[in-house]
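Undergrad: The structure is given below, and queries will be raised subsequently.
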Amino acid sequence: MADLILTVNAGSSSLKFAVYEAAHNLTLKAKGQVSGLASGVEANLQIDVADARLFDGPIKADGHVEAFEEILKHGRELFSEDKVVGVGHRVVHGGITFDKPVVLTSEVIEELRSFEPLAPLHQPHNLASVDAAKAAFTEAIHVAGFDTAFHRTHPWVNDTFCLPRKWYDEGVRRYGFHGLSYDYITSWLREHRPDLASGRVVIAHLGNGASMCAVRDGKSVGSTMGFSALDGLPMGTRCGQIDPGVLLYMMDQKGMSAEQISDLLYKESGLKGLSGKTNDMRVLEASDEPACQQAIDYFVFRIRRELGGMSAVLGGLDGVIFCGGIGENSAFIRQRICEGMEWLGISLDENANAGNEIDISRGTVSVLAVPTNEEIVLARAAFDHLQ
Ligand code: ADP
């Protein structure tokens, strides 16, 4: 039986995994996820093997470690005869130290634990899953891929906040996130569109989490996300850019605690907060309620604003790449973002856009919709360390 590579992606309320053959073409053998973790609802496990559903049903799991054990139990036939030789772990925060994937030795894991205060909603889950996987696959090489690593090429002006310098030195910086997705898209460009890979592009990762990245010659020079994954674009339930004075008002005048404000900004804001209805873009698009349309207006407005700003930072624009659940699937949102952007060289081919084709442009700036693949970036990282 072939050797295997497993990828593990622990989100705040989910645990996704994928299994690949450990060979150069990294053939996908299975994938799945546990959803509904720590959300008050019953957790659910799905496992798909070669387009067929192997398992779909409720499981008993309160946390990521139990969820991982359930995956191993129900997917036993995936892991038993075959041998997992490498595990690629998504770790949100690599601090200022890690600018590429790294083997998870105990020293590295300790250092990553010290970043937990920087990403309290994600890093502890990531590391709990690392512990569980290391215990299950003792002979495998375990490699971390970071969401922050892709952005370590930010120039200083895009890395700092305008605070007294000691805060920068302490690590209060614009780390940027969604790096695995940006890494995948830039590698896709190298393979399929070398002209853009060496040019000035803006990548818009528009999913439930959303951010944009300005890339020059394959390197990140700016991101809408900053110290946390709250900044920049409005998201499903996160607020995006906000005047810090609003937070002071909430604390001083409304007596809100850090925890209450955190809940508000992470879980109750964004498309869900503005629409008063849902964080699901499909539902918003289908609704004719004014608040739902306004939530879309705000989402589109912020993306357009960032696109203009990033084009200025890049000194011009050669390409825009949409990815993520909304970016890959919503012709309507792509059209709303691009309308009236001819001044920048952006013009959409209506049919190509409606047909969800990859190249949807007819202006001088290439506009593409490219399905992202964060899992394969993790699998590649693990595979590269096996060589
Ligand atoms: P996550 O950040 O959790 O990985 P996804 O990248 O899966 O999220 O994106 C989820 C978002 O994509 C949801 O808002 C969903 O409504 C939206 N989406 C998925 N398909 C479509 C579609 N066909 N049209 C509009 N929005 C879509």
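Undergrad: Can you give me the number of residues within region 332-359 that are under 23 Å from the mean Cα position of the chain (by Cα), among the aliphatic types (A, V, I, L, M) and crowded, with 18+ Cβ neighbours inside 10 Å?
TA: Qualifying residue count, region 332-359: 2.
Undergrad: Of all residues being among the basic types (Lys, Arg), under 20 Å from the mean Cα position of the chain (by Cα) and surrounded by fewer than 19 Cβ atoms within 10 Å (Cβ to Cβ) in region 251-301, which is modelled with the highest pLDDT? Just the residue, please.
TA: Filtering region 251-301 for residues that are among the basic types (Lys, Arg), under 20 Å from the mean Cα position of the chain (by Cα) and surrounded by fewer than 19 Cβ atoms within 10 Å (Cβ to Cβ), the one modelled with the highest pLDDT comes out as 282.
Undergrad: I'd like the full set of residues that are in a helix (DSSP H, G or I) and closer than 15 Å to residue 206 by Cβ, limited to region 275-296.
TA: Matches in region 275-296: 281, 282, 284, 285, 295, 296.
Undergrad: Condition first: under 28 Å from residue 121 (Cα atoms) and in contact with a His (Cβ under 8 Å, 6 or more places away or on another chain). Now tell me which residues in region 35-54 satisfy that. Even if it seems obvious, please write down each step before you answer.
TA: To start, the set of residues in region 35-54 that are under 28 Å from residue 121 (Cα atoms) comprises 35-48.
Within region 35-54, 37, 45, 47 qualify.
Undergrad: Now, a different point. Do you know which residues across region 354-387 are of a type in the set (S, T, N, Q) and either in contact with a strand residue (DSSP E or B) (Cβ under 8 Å, 6 or more places away or on another chain) or under 22 Å from residue 199 (Cα atoms) (or both)?
TA: First, pick out the residues of region 354-387 that are of a type in the set (S, T, N, Q): 356, 361, 364, 366, 372-373, 387.
Passing the criteria: 356, 361, 364, 366, 372, 373.
Undergrad: Could you please tell me which pairs satisfy a Cβ distance under 8 Å, a separation of 6+ or placement on different chains, a first residue in region 256-284 that is closer than 17 Å to residue 229 by Cβ, and a second residue that is aromatic (Phe, Trp, Tyr) and within 14 Å of the ligand (Cβ to nearest atom)?
TA: 271/299
Rundown of residues vs (1) modelled with pLDDT of 95 or more; (2) within 16 Å of the ligand (Cβ to nearest atom); (3) under 21 Å from residue 181 (Cβ atoms); (4) not in a strand (DSSP E or B), yes/no style:
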site	(1), (2), (3), (4)
332	yes, yes, no, yes
337	yes, yes, yes, yes
343	yes, no, no, yes
351	yes, no, no, yes
356	yes, yes, yes, yes
367	yes, no, yes, no
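Undergrad: Here's another thing I want to ask about it. Residue check, residue 193 against (1) in contact with an Asp or Glu (Cβ under 8 Å, 6 or more places away or on another chain); (2) within 27 Å of residue 369 (Cβ to Cβ); (3) surrounded by 20 or more Cβ atoms within 10 Å (Cβ to Cβ), all met but one. Which one?
TA: (1)
Undergrad: Which ones in region 201-221 are among the small types (Gly, Ala, Ser), outside any strand (DSSP E or B) and more than 12 Å from the ligand (Cβ to nearest atom)?
TA: 218
Undergrad: For region 13-113, please list each of the helices (runs of 4 or more DSSP H) lying entirely inside it that holds at least 2 residues being farther than 15 Å from residue 140 by Cβ and at pLDDT below 90.
TA: 76-79
For (1) within 16 Å of the ligand (Cβ to nearest atom); (2) acidic (Asp, Glu); (3) farther than 28 Å from residue 357 by Cβ; (4) out of contact with any helix residue (DSSP H, G or I) (no Cβ under 8 Å at 6 or more places or on another chain), each residue gets a yes or a no:
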site	(1), (2), (3), (4)
266	yes, no, yes, yes
275	yes, no, yes, no
286	yes, no, no, yes
299	yes, no, no, no
310	no, no, no, yes
324	yes, no, no, no
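Undergrad: Which ones in region 111-138 are over 21 Å from residue 68 (Cα atoms) and either among the charged types (D, E, K, R) or surrounded by fewer than 20 Cβ atoms within 10 Å (Cβ to Cβ) (or both)?
TA: 111, 114, 117, 118
Undergrad: Could you go through region 244-252 and let me know if any residue there is of a type outside the set (Val, Ile, Thr) and either assigned to a loop (DSSP other than H, G, I, E, B) or within 16 Å of the ligand (Cβ to nearest atom) (or both).
TA: No, region 244-252 contains no residue that is of a type outside the set (Val, Ile, Thr) and either assigned to a loop (DSSP other than H, G, I, E, B) or within 16 Å of the ligand (Cβ to nearest atom) (or both).
The values are calculated or read from the model by the stated rules, or taken from the named source; none is laboratory data. No experiment lies behind these values; they were computed from the predicted model shown. For neighbour counting, all protein chains shown are included, and Cβ atoms are generated from backbone atoms with ideal geometry for every residue, glycine included.
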